[in-house]
Amino acid sequence: MTSPTGRSDIAADTVRGGPRRRRVRAQVRGVPLPLLVPALIGMAFLIVPLIALLVRAPWRSLPDLLTSAEVWQALRLSLVCATAATAVSLVVGVPLAWLLARVEFPGRGLVRALVTLPLVLPPVVGGVALLMALGRNGVVGKSLDSWFGITLPFTTAGVVVAEAFVAMPFLVISVEGTLRAADPRFEEAAATLGASRFTAFRRVTLPLIAPGVAAGAVLAWARALGEFGATITFAGNFPGRTQTMPLAVYLALQSDPEAAIALSLVLLAVSVAVLAGLRDRWMTAR
């Protein structure tokens, strides 16, 4: 209710946050208890471990831990390999996403299922699969070794391959979804003006789907940076050559827990930065 002048209630609304805050309070009060309690438990389950990591962090010795040669070596290798894996994913993943979104062909559903399989496949199984395919005695690796002298397992290139294997599906799914949401009539209009299909993709489609490509690339990069199982199985854990940050965390946890926490904080900071960069796409209610 407002007073005859209306000023007192308007001022009160301004002090208390206005009608919007009252609506929020009413919505919170209206949440059923059988839904609110499990929701709070789930929230605590996801947030408390991260808070514990911050609480137990050795803040005083953190600068010394993060500036050690081993940490910088693992960090540099992780950044280089994750970036290279993302580049590989972009080169082959964007055309693959376009093929799945724009071209009708027999078995397209099966191909899409196989392409996205690494999302749910245990990473160690992915590493074993890579060994069977690209190892020295693998289905493809045997020919690479005998014909070209190329050996991928237990090398830095093997780290890139393992990370690309698990990260590329994130890019493909993101770009395919963006392509399906884009209006194909722009490509058809370019074709009527004499543009080839590739020219239409390069000049019309790619600028339209650029935000989806960027989001998929960031997700793929973050996934590659955090890869562990496929990397240790296919590339091993050799400092300076294949030991990335997650592998360094695992090794440090056995001998120096404080160093493991420090390395974990670096990866946590990267994850937060990725979420911050994608907040408009993934964290905004629409």
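The values are calculated or read from the model by the stated rules, or taken from the named source; none is laboratory data. Quick caveat, the model's predicted, so the values are computed rather than measured. A quick note on method: Cβ atoms are made from the backbone with ideal geometry, for glycine too, and the neighbour counts reach across all protein chains shown. When the accessible area is computed, the model is the full protein with side chains, heavy atoms only, and any ligands, DNA or RNA have been set aside. Shrake-Rupley method; radii C 1.70, N 1.55, O 1.52, S 1.80 Å.
Of the listed requirements (1) farther than 27 Å from Phe154 by Cβ; (2) surrounded by fewer than 21 Cβ atoms within 10 Å (Cβ to Cβ), Phe228 misses just one: (1). State yes or no: is Pro63 open to solvent by less than 30 Å² (accessible area, probe 1.4 Å) and at pLDDT below 90? It is false that Pro63 is open to solvent by less than 30 Å² (accessible area, probe 1.4 Å) and at pLDDT below 90. Just wondering, is there one or more residues in the stretch 102-119 that are farther than 18 Å from Leu247 by Cβ, among the hydroxyl-bearing types (Ser, Thr, Tyr), in contact (Cβ under 8 Å) with a residue 12 or more places away in the chain and assigned to a helix (DSSP H, G or I)? Yes, the stretch 102-119 contains at least one residue that is farther than 18 Å from Leu247 by Cβ, among the hydroxyl-bearing types (Ser, Thr, Tyr), in contact (Cβ under 8 Å) with a residue 12 or more places away in the chain and assigned to a helix (DSSP H, G or I). Under the condition of being closer than 14 Å to Pro169 by Cα and either in contact (Cβ under 8 Å) with a residue 40 or more places away in the chain or touching a helix residue (DSSP H, G or I) at 6+ places or on another chain (Cβ under 8 Å) (or both), the residues counted in the stretch 72-100 number 12. Scanning the stretch 101-116 for residues that are in contact with a helix residue (DSSP H, G or I) (Cβ under 9 Å, 6 or more places away or on another chain) and surrounded by fewer than 13 Cβ atoms within 10 Å (Cβ to Cβ) yields one hit, Phe105. Scanning the stretch 145-180 for residues that are surrounded by fewer than 24 Cβ atoms within 10 Å (Cβ to Cβ) and charged (D, E, K, R), we see that the one that is farthest from Val218 (Cα to Cα) is Asp145. When each of Ala190, Ala195, Ala217, Ala210 is tested for being free of Cβ contacts under 8 Å to residues at least 60 places away in the same chain, open to solvent by 10 Å² or more (accessible area, probe 1.4 Å) and within 22 Å of Val274 (Cα to Cα), the lone residue that passes is Ala210. Among the conditions (1) over 26 Å from Thr67 (Cα atoms); (2) polar (S, T, N, Q); (3) assigned to a helix (DSSP H, G or I), Thr151 misses just one, which is (3). Among the residues of the stretch 231-265 satisfying the criterion of being of a type in the set (A, V, I, L, M) and in contact with a Ser or Thr (Cβ under 7 Å, 6 or more places away or on another chain), which is surrounded by the fewest Cβ atoms within 10 Å (Cβ to Cβ)? Taking the candidates together, the pick is Val249.
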